[in-house]
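A short worksheet on the structure shown next.
All of the numbers you see were taken from the coordinates with simple rules; none came from a lab. Values in this document were obtained by computation on a predicted structure and should not be read as measured data. Cβ coordinates were reconstructed from backbone atoms using ideal geometry, including for glycine residues, and neighbour counts include every protein chain displayed.
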Amino acid sequence: MKTKLAIGIRLLVVFALALGGAFILIRPVGATTIVDGGVIAAGETIDDDALVTGEKVIVDGTVNGILFAFAETVTINGTINGDVIAMGSTVIVNDGAEINGNLFIGCQSAQVNGHITGSVLGGMTSMIIGDTAEVYRNLYFGGYSLEIESGSVITRDASVGAYQLILAGEIQRDLNLNAGALDMTGTIGGDATLSISEPQPSGTIPAFGMPNDMPQPIAPGLRIAPEAVIAGHLTYTSPEEQASAIQSQPGGGVTYNKSVVDPSSPTPQRSPRPPMLQWLWSFLKNLFQLLVVGALAVWLIPTWLNRTATQAQKKPFQSALAGLLAIPAVYIAALVVAGLIILVAIVLGLLALGGLSNLVTGVSFALLTIVVTAFTFLVSLGSKVIVAFLFGRLLMERAFPQAAHRNWWALGAGVLVYALVASIPLIGWVIALLVTLVGVGAVWFLYRSHVEAEEIPAL
């Protein structure tokens, strides 16, 4: 079921994983400990971020930082005092493991039994939240099958986009679910908002062609057992009402919304927005997006932002030309790299190195996705923030020289002017295109200058 909620959850998971992986790219090399052999032994402590790779990764010790784990199988038994970013075929967080941060997972299957003080964000085929698992914040899942076993606890909310959810544990606040099937015997401490398929006989269960070790599909539809508890309100949307399947009365009552529009009823037509309202909406959308991204840049990477803006100021025309060449070149290069990854995977498979093939393919495509996502973000928003900040800085230097050094003022002034200009009918898109090219090109020139100087730009 590819509805807006399901797609949104998957995008959220991918974005979270991309952010986590991108952290590798922006940190100085010396700030991360690279672990050879794929093992952090019991009693071993790494007072730093740790990057662990291999066919199998086993973490029995302690990492006082962020753990990056890429392997066919990742097993965590120890203590991680930071976030965990794990990618591979199988990820296992055993009972007794402590993750004092967030858990980001991208894999085929995952088993989580430990204690996670942050949130769990997973994109995969199947995940089991085991009977000893405690997630002290939120759960975000996008995939095929999610099972929350009896005894497990999600302290806050769960947002799920999947074919099926088997809920026997406890979600202490709200559940937002878009799925084909739900079997519930557990507890929801708040509201449940569901989008669910209509019930079908077991003989009509779709064949997904999953591997033998994957969970078997359950019958589509809603099933809430008598022992299940929903403390708040249950709202479910489905092509068919399923009142008989709700055998436990939610504390806040039940609301059913039919998801299929009667073909005989007239389709409501939206009245077109007035041109002024359309312009206002475009302006406010641009303004909000750029202010948020710009504020993060001023807060987290002010030095880099100033240096990039200076490059755009020094070489505006050269930057525009570089951006014009760089944008298609990066995407073409990404396609070429993807083809090479597939070729290497085929060669390794022919050499009977299936495990290594899966590892290389998974890690390579994950990193490629991170790079392409980061570059797309630069093209769509980052480039515009750079040029808007430059314009705001120049404006402040001329109008308010005493406040020219204040990055926040420059950002606000520049973004406001850019959003106004970019919203002008007919010519706004031309200005936005030129700004994008200049911003991307400025980043390229800054990168090239640092490569030539053999230094890493300070953030």
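Full extension of the chain segment joining Q172 with T376 gains 69.7 nm, where the gain is 0.36 nm per residue of separation less the Cα-Cα distance.
Multiplying the residue separation of T117 and T310 by 0.36 nm and subtracting their alpha-carbon distance yields 65.3 nm. Remark: L139, L378 ranked as L378, L139, counting other beta-carbon atoms within 10 Å and listing the fewest first.
First check a/c for the stretch 290-334, with a ≥ b ≥ c the square roots of the eigenvalues of its C-alpha gyration tensor; if it is under 1.5, answer rounded, and if not, answer prolate when a/b is larger than b/c or oblate otherwise. Oblate, because a/c is 1.5 or more while a/b does not exceed b/c. My understanding is that a pair violates if its Cα-Cα distance is over 22 Å; which of K285/K384; K258/K285; K285/K315 do that in this structure? Distance filter (> 22 Å) returns K258/K285; K285/K315.
One decimal place: the segment N257-Q289 gains 8.2 nm when fully extended, by the rule 0.36 nm per residue minus the C-alpha distance. The modelled label-to-label distance for the pair I34/F317, using points 7 Å beyond Cα in the direction of Cβ, is 4.4 nm.
Computed from label points 7 Å out along Cα-Cβ, the spacing between D48 and Y331 is 3.9 nm.
Backbone N atoms of the stretch 127-157 closer than 20 Å to the 7 Å Cα→Cβ label point of A231 belong to residues 133-140, 148-157.
With the simple model of a label 7 Å out from the Cα in the direction of the Cβ, Q200 to E397 spans 6.4 nm.
If R0 is 41 Å, the Cβ-Cβ spacing of R156 and T303 corresponds to a FRET efficiency of close to 0.70.
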